[in-house]
Amino acid sequence: MNRLKIAVLLLFFLGLDLFAKEFPVCKDYFFIKENETEEKQSFLEKILNENPENVECMIKLSSVYLRTDKVSEGFDLIRRAYVLNPKFVEKQNISKVLDLALRLSRLKEIASRDDDKELWNELGDTYFEIGIFNEARFSYAKSLELDKTQIKIDILLAICDGNLDFTYTSAKRLRRIVKQEPYDFYANYYLGKVLKNALNNAKEGQKYLLMAHYLIHHTKPDFENEEEITYLKNDLEFEIGEK
């Protein structure tokens, strides 16, 4: 299982323009107040609803979605725009994430169609790696609906909950996993971290961190690589006060 890796892949542009009274094309519109995301979103959605093949509007709306909790919808819009006018999309700033958008949009479509847990996991892992935890959480939840026995995916879902500030939900999920698998390293480690550092329950958190410390030294958890082992050992020593 990977440590949290936040890769800043999504660099977006604002460049939208001054209101007009008609909206035959999206490029006629500029937005004076750049931070009014909800206003931009509803305005662009209205234009796109009346002009469903307006590629310019798709790209501008996708850039709004990618800065909110609608990243998946943003990728879907980029894909739709690319199908309609690939040359236009390739010339836009948003082309920086074109490959990622096409791959994830297509993967979501296939996972939804086939209802395949491995595809949902692949989608979740990709979103997790780039730090888009709401989309990762959705994908892992879909996978667990198909197979509730996936402990690793259950833990990843709990980590997503924690990163989205659903702290109590994360702790509740991890408690259930530890009860089911008391010697799972990651379940003990993350439950200890959540209890100690997020819920200010140092006493109970220490219990799980000590178990994780024991497991990392006396068992053989399925670590990603030596770098991960070193990081986790150092972090555990810090958490339990050995450093």
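The values are calculated or read from the model by the stated rules, or taken from the named source; none is laboratory data. Here the structure is a predicted model, which is why all the values come from computation and not from measurement. Heads up, the Cβs are rebuilt from the backbone with ideal geometry, glycines too, and the neighbour counts pull from every protein chain shown.
Within the stretch 135-153, residues that are within 17 Å of Tyr190 (Cα to Cα) sit with their Cβ atoms under 8 Å from residues that are in a loop (DSSP other than H, G, I, E, B), at 6+ positions apart or across chains, in these pairs: Arg137/Leu164; Ile151/Glu181; Ile151/Asp184; Lys152/Met1.
Kindly provide the set of residues from the stretch 199-209 that are part of a helix (DSSP H, G or I) and farther than 18 Å from Arg176 by Cα, ordered by number.
Once the filter is applied, which keeps residues that are part of a helix (DSSP H, G or I) and farther than 18 Å from Arg176 by Cα, the stretch 199-209 yields Ala202, Lys203.
Based on this model, can you work out whether Arg137 counts as touching a Cys at 6+ places or on another chain (Cβ under 7 Å), among the basic types (Lys, Arg) and at pLDDT 95 or above? In short, yes. Applying the condition of being exposed (fewer than 15 other Cβ atoms within 10 Å of the Cβ) and either in contact (Cβ under 8 Å) with a residue 24 or more places away in the chain or in the same structural domain as Thr167 (by TED's automatic domain parsing) (or both) to the stretch 94-111 and asking which residue is farthest from Phe166 (Cα to Cα) yields Lys96. Hey, can you tell me all the residues within the stretch 188-219 that are crowded, with 22+ Cβ neighbours inside 10 Å and either among the polar types (S, T, N, Q) or more than 14 Å from Leu236 (Cβ to Cβ) (or both)? Answer for the stretch 188-219, where residues must be crowded, with 22+ Cβ neighbours inside 10 Å and either among the polar types (S, T, N, Q) or more than 14 Å from Leu236 (Cβ to Cβ) (or both): Asn188, Val194, Leu195.
The residues on offer are Ser72, Ser63, and the sole one that is in contact (Cβ under 8 Å) with a residue 40 or more places away in the chain and farther than 30 Å from Asp147 by Cα is Ser63. Taken over the stretch 220-235, the criterion of being assigned to a helix (DSSP H, G or I), surrounded by 12 or more Cβ atoms within 10 Å (Cβ to Cβ) and without any contact (Cβ under 8 Å) to a residue 40 or more places away in the chain is satisfied by Ile229, Lys233, Asn234, Asp235. Residues in the stretch 52-80 that are closer than 26 Å to Phe133 by Cβ and either in a helix (DSSP H, G or I) or β-branched (Val, Ile, Thr) (or both): 19 in all. Looking only at the stretch 134-156, residues that are of a type outside the set (D, E, K, R), within 10 Å of the chain's Cα centre (by Cα) and surrounded by fewer than 24 Cβ atoms within 10 Å (Cβ to Cβ) come to 2 in all.
Within the stretch 116-156, being within 26 Å of Tyr65 (Cβ to Cβ) and of a type in the set (S, T, N, Q) holds for Asn121, Thr126, Asn134, Ser139, Ser143.
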